[in-house]
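Trainee: Below: one structure in structure tokens.
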Amino acid sequence: MKLYENGAYLIQGKDIVINSPEAVAAVASKTGKQISAEEAKKETIAYGILKDHNTSGNMEKLQIKFDKLTSHDITFVGIIQTARASGLEKFPIPYVLTNCHNSLCAVGGTINEDDHMFGLTCAKKYGGIYVPPHQAVIHQFAREMLAGGGKMILGSDSHTRYGALGTMAVGEGGPELVKQLLNKTYDIDMPGVVGIYLTGEPMKGVGPQDIALAIIGEVFANGFVKNKVMEFVGPGVSNLSVDYRIGVDVMTTETTCLSSIWRTDDKVKEFYEIHGREEDYKELNPGEVAFYDSFIELDLSTIKPMIAMPFHPSNTYTIDELNANLMDILDDCEKRAQVSFDGKVKLDLKSKVKNGRLYVDQGIIAGCAGGGFENICDAADILKGASIGADEFTLSVYPASTPIYMELVKNGVVANLLATGAIVKTAFCGPCFGAGDTPANNAFSIRHSTRNFPNREGSKVQNGQVASVALMDARSIAATAANKGYLTSAADMDVNFSKPKYFFDKTIYENRVFDSKGVADPSVEIQFGPNIKDWPAMSALPENLVLKVVSEIHDPVTTTDELIPSGETSSFRSNPLGLAEFALSRKDPEYVGRAKEIQKAQKAVEADTCPASVVPEVKAVMDTIKTKFSDISRKNVGFGSTIFAVKPGDGSAREQAASCQKVLGGWANIANEYATKRYRSNLINWGMLPFIIDEGELPFKNLDYLFLPNIRTAVEEGKSEFDAYVVKDGELKPFTLKMGALTPDEKEIILKGCLINYYRG
């Protein structure tokens, strides 16, 4: 794999000219045309699609309107509640509400099914589409029924990626979907476009997860594609089936890119024909001369079966490399665990080594990444005639949709899998985020799913539990299962892949999916459950802010799973205050209590009473502030909390990573950088200041008070640097906070306190 940071020209989709001072002349000699990089940028597939969806008239400052929206049952209640509070009357574009996360209805009594009934009645009232539990995971339904060539889809799940089908899809926090529901736009600067030039053909036993992990391992740490669009081109694309492309594409989220798009061909056309949607196919190719801001060359034939060890998809090795350096790599993983878990629990992977081989406790093939038809068929071919054994090792397979499941039943694959001792289950995202198949304490799971963050498999450090997940392709998981749990590369298996043809039967959707065809019925009463709560009132940004630092996190990256845990907490996503009780619970159990304590001071201010009467330590803080700022009083100051994290927001798009902090009185985050654009957007949409501080020793510590004078005026004036003070020991110690540029709308959202206030006027 070769990375070219300064970009490259691509001529007629096949000839590469790496960017250099001589590049324009080299392009001219090949084409007879003199074309600048700026002009050639307009010839990428991504530029054309963004231009077609941009309403601003300015291709540097985009205002995008999407063709369709999609959400699942962790996110759609909060989104619709926010939109209702902001004036929603009907869904202006197709909006699909899937139910693939809280599908089991196994925690919290009626609350999960209450959310589902809320979704069904909202689809009827506002004119949407409702997909009942167990029918399809969100992204497979979108591939089968929503994607279209040259279209754009916005989803409230970070793995909203349909680029392999010619659809630019973006995963964002819920407030960005609210804006679309209210006929507003998605406002971003024109993103960079990274060309991913594929050649060759994967070797036998190498699956899409292997290709994806190889790419993630190369580009995550260096930020090579961060907030950019990955555009897959080159002759190697046509050497991959569409299912294979989809499997690579969905994992682009783990690179921290903004979106993805692939050139399309007759195989994609056949995909649409199989699904009865021929009219949605569009041939997409870069223009005669296209320029990419950065560029990657990847020879698919060089990729070997991969594994991403705990606790990140970028912690990658070839399986051969792991087996050859087993104890050293396992020791490294254990040391990473000590950092991630602050020494509270001990992960012991080296005990998994038996007779020099790594023994695995669990295999999972599931969800939007693993549950595809070809993945499961190939896994079944590897396992045919084998047994997974009667020891600790278990294998569960989740087809990504009921149509896939139906075809696997018809062609005998399900029977073959069941005969091995594997279990085949319904379409469900649970294993990916800790709501199903949680391993035993200290167990090691291998999964063809999307993420392997700490605790994401469902263990609870606060209860003394620990488990871990490695990401692998379905084929190597099957090879491991065939060897009864001993880690095995699929390349080491002698197998003939049968490659059965896929037949899509939409009958199940016609029988079970509610589709309003875009017709709203205002007479429908929305069905609420007792757990579905409105958002609490939120104040506008005050002129001055007193912030208490209530959590300080120095991990290299902090995931949204650590900011708000997944798993059974997802059952409270319809209850803002209830969910907030879980914020940072697996990372910093003291956070919630500390945030709520300083929030009392803000509530006192709002009630026009003395904040020191409820938070006595505030008196000394205010006395110190008044030595320099004598006009400060409870009439012009607000109180709240902030956290520091080195690089927060990797992973999930879920807005609750920010909203939970907000409803607990959070006014800001302070970071060296933000892991993703979507997390920063979530902070802004919930009225929180996304501050940046230079790397190095912090001027403050956990539990310190900070004072930000004239912060409202500074935001109004569009400043990028802000005066701040540490208030400690009777002194004000100055330091500087920074913040990236805000759009005019983002500025107003922060000033008014949150997106809901912004739309209420």
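Trainee: Enumerate the pairs (first residue in the stretch 136-151 and within 17 Å of residue 371 (Cα to Cα); second residue anywhere and surrounded by fewer than 24 Cβ atoms within 10 Å (Cβ to Cβ)) with beta-carbon separation below 6 Å, excluding pairs fewer than 6 apart on the same chain, so at least 6 apart or on different chains.
Mentor: Filtered contacts from the stretch 136-151: 144/275.
Trainee: While we're looking at this one, here's another question. When you look at residue 209, is it under 30 Å from residue 90 (Cα atoms) and touching a strand residue (DSSP E or B) at 6+ places or on another chain (Cβ under 7 Å), yes or no?
Mentor: On the way: under 30 Å from residue 90 (Cα atoms): no; touching a strand residue (DSSP E or B) at 6+ places or on another chain (Cβ under 7 Å): yes.
No.
Trainee: Mind telling me which of the residues 673, 695 ends up being at negative phi, among the acidic types (Asp, Glu) and touching a strand residue (DSSP E or B) at 6+ places or on another chain (Cβ under 9 Å)? Walk me through it before giving the result.
Mentor: Values: 695 fails: touching a strand residue (DSSP E or B) at 6+ places or on another chain (Cβ under 9 Å).
Only one candidate qualifies: 673.
Trainee: Taking the stretch 175-203, which residues are in a loop (DSSP other than H, G, I, E, B), among the charged types (D, E, K, R) and either within 30 Å of residue 89 (Cα to Cα) or touching a Phe, Trp or Tyr at 6+ places or on another chain (Cβ under 8 Å) (or both)?
Mentor: Narrowing the stretch 175-203 to residues in a loop (DSSP other than H, G, I, E, B): 182-185, 190-192, 200-203.
With among the charged types (D, E, K, R) added as a condition, the list becomes 184, 201.
Once the filter is applied, which keeps residues that are in a loop (DSSP other than H, G, I, E, B), among the charged types (D, E, K, R) and either within 30 Å of residue 89 (Cα to Cα) or touching a Phe, Trp or Tyr at 6+ places or on another chain (Cβ under 8 Å) (or both), the stretch 175-203 yields only 184.
Trainee: Taking the stretch 544-578, which residues are touching a Ser or Thr at 6+ places or on another chain (Cβ under 7 Å) and over 16 Å from residue 433 (Cα atoms)?
Mentor: Listed by number, the residues that qualify are 547, 548, 549, 550, 555, 576.
Trainee: Go through the residues of the stretch 263-278 one by one and say whether even a single one is of a type outside the set (Val, Ile, Thr), closer than 30 Å to residue 35 by Cβ, surrounded by 24 or more Cβ atoms within 10 Å (Cβ to Cβ) and touching a residue at least 40 places away in the same chain (Cβ under 8 Å).
Mentor: The answer is no; no qualifying residue exists.
Trainee: Ok, one more. How many residues, within the stretch 645-659, are closer than 23 Å to residue 155 by Cβ and outside any helix (DSSP H, G or I)? I'd like the intermediate steps shown before the answer.
Mentor: Step one: filter the stretch 645-659 for residues closer than 23 Å to residue 155 by Cβ, giving 648-659.
After this cut, where a residue has to be outside any helix (DSSP H, G or I) as well, the list is 648-655.
Selection size over the stretch 645-659: 8.
Trainee: Quick test for you: out of 612, 607, 620, 601, pick the one residue that is buried (at least 22 other Cβ atoms within 10 Å of the Cβ) and either touching a residue at least 12 places away in the same chain (Cβ under 8 Å) or not hydroxyl-bearing (Ser, Thr, Tyr) (or both). Write out each step before concluding.
Mentor: Details: 612 fails: buried (at least 22 other Cβ atoms within 10 Å of the Cβ); 607 fails: buried (at least 22 other Cβ atoms within 10 Å of the Cβ); 620 fails: buried (at least 22 other Cβ atoms within 10 Å of the Cβ).
None of the others qualify; the one that does is 601.
Trainee: Give me the helices (runs of 4 or more DSSP H) completely within the stretch 392-486, filtered to those with at least 1 residues that are buried (at least 20 other Cβ atoms within 10 Å of the Cβ) and within 19 Å of the chain's Cα centre (by Cα), ordered by residue number. Explain how you work it out, then say what you get.
Mentor: Working: elements: 402-410, 413-420, 430-433, 474-482.
The helices (runs of 4 or more DSSP H) meeting that bar are 430-433.
Trainee: Sticking with this structure for a sec: Take the residues of the stretch 677-735 that are among the β-branched types (Val, Ile, Thr) and out of contact with any Phe, Trp or Tyr (no Cβ under 7 Å at 6 or more places or on another chain): which is surrounded by the most Cβ atoms within 10 Å (Cβ to Cβ)?
Mentor: Initial filter on the stretch 677-735 (among the β-branched types (Val, Ile, Thr)): 684, 692-693, 711, 713, 715, 726-727.
Checking which are out of contact with any Phe, Trp or Tyr (no Cβ under 7 Å at 6 or more places or on another chain) leaves us with 684, 692-693, 713, 715.
On the way: 684: 24, 692: 19, 693: 18, 713: 11, 715: 19.
Top of the filtered list is 684.
Trainee: What number of residues within the stretch 412-453 are without any contact (Cβ under 8 Å) to a residue 60 or more places away in the chain and of a type in the set (D, E, K, R)?
Mentor: 1
Trainee: Residue 569 versus (1) surrounded by 17 or more Cβ atoms within 10 Å (Cβ to Cβ); (2) touching a residue at least 40 places away in the same chain (Cβ under 8 Å): which is the lone unmet condition?
Mentor: Here residue 569 meets the rest and fails (2).
Trainee: Given the conditions (1) within 25 Å of residue 140 (Cβ to Cβ); (2) surrounded by fewer than 14 Cβ atoms within 10 Å (Cβ to Cβ), report the number of the one that residue 385 does not fulfil.
Mentor: (1)
Trainee: Which one is farthest from the chain's Cα centre (by Cα) among residues in the stretch 268-299 that are assigned to a helix (DSSP H, G or I), within 12 Å of residue 145 (Cα to Cα) and of a type outside the set (Asp, Glu)?
Mentor: 274
Trainee: Hey, which of the strands (runs of 3 or more DSSP E) in the stretch 112-174, taking only ones fully inside, have at least 1 residues that are modelled with pLDDT under 95 and of a type in the set (Val, Ile, Thr)?
Mentor: Numbers: elements: 129-131, 152-155, 168-171.
No strands (runs of 3 or more DSSP E) qualify here.
Trainee: Does at least one position in the stretch 660-677 carry a residue that is part of a helix (DSSP H, G or I), among the charged types (D, E, K, R), in contact (Cβ under 8 Å) with a residue 12 or more places away in the chain and within 21 Å of residue 588 (Cβ to Cβ)? Give the derivation first.
Mentor: First, pick out the residues of the stretch 660-677 that are part of a helix (DSSP H, G or I): 660-663, 677.
Then keep just the ones that are among the charged types (D, E, K, R); that gives 662, 677.
Pick out the ones that are also in contact (Cβ under 8 Å) with a residue 12 or more places away in the chain and you get 662, 677.
When the remaining residues are screened for being within 21 Å of residue 588 (Cβ to Cβ), the result is 662.
Yes, the stretch 660-677 contains at least one residue that is part of a helix (DSSP H, G or I), among the charged types (D, E, K, R), in contact (Cβ under 8 Å) with a residue 12 or more places away in the chain and within 21 Å of residue 588 (Cβ to Cβ).
Trainee: Here's a follow-up. When you go through (1) within 24 Å of residue 157 (Cβ to Cβ); (2) among the polar types (S, T, N, Q); (3) touching a strand residue (DSSP E or B) at 6+ places or on another chain (Cβ under 9 Å) one by one for residue 183, which number turns out not to apply?
Mentor: (3)
Trainee: Condition first: part of a loop (DSSP other than H, G, I, E, B) and among the charged types (D, E, K, R). Now tell me which residues in the stretch 584-620 satisfy that. Working first, answer last.
Mentor: Kept after step one, since they are part of a loop (DSSP other than H, G, I, E, B), are these residues of the stretch 584-620: 584-590, 607-610, 614-617.
Scanning the stretch 584-620 gives 586, 587, 588, 590, 608, 617.
Trainee: Something else: Only one residue in 30, 41 is more than 21 Å from residue 656 (Cα to Cα) and crowded, with 16+ Cβ neighbours inside 10 Å, so which one is that? Give the steps one after another, and end with the answer.
Mentor: Details: 30 fails: crowded, with 16+ Cβ neighbours inside 10 Å.
Every option except 41 fails the conditions.
Trainee: Give 394, 426 a once-over and let me know the one that is more than 26 Å from residue 563 (Cα to Cα) and in contact with a His (Cβ under 7 Å, 6 or more places away or on another chain). Walk me through how you get there before you give the answer.
Mentor: Details: 394 fails: in contact with a His (Cβ under 7 Å, 6 or more places away or on another chain).
Testing whether each residue is more than 26 Å from residue 563 (Cα to Cα) and in contact with a His (Cβ under 7 Å, 6 or more places away or on another chain) leaves just 426.
The values are calculated or read from the model by the stated rules, or taken from the named source; none is laboratory data. Since the structure is predicted, the reported quantities are computational estimates derived from the model, not experimental observations. Glycine also receives a Cβ, built like all others from the backbone with ideal geometry; neighbour counts cover every protein chain displayed.
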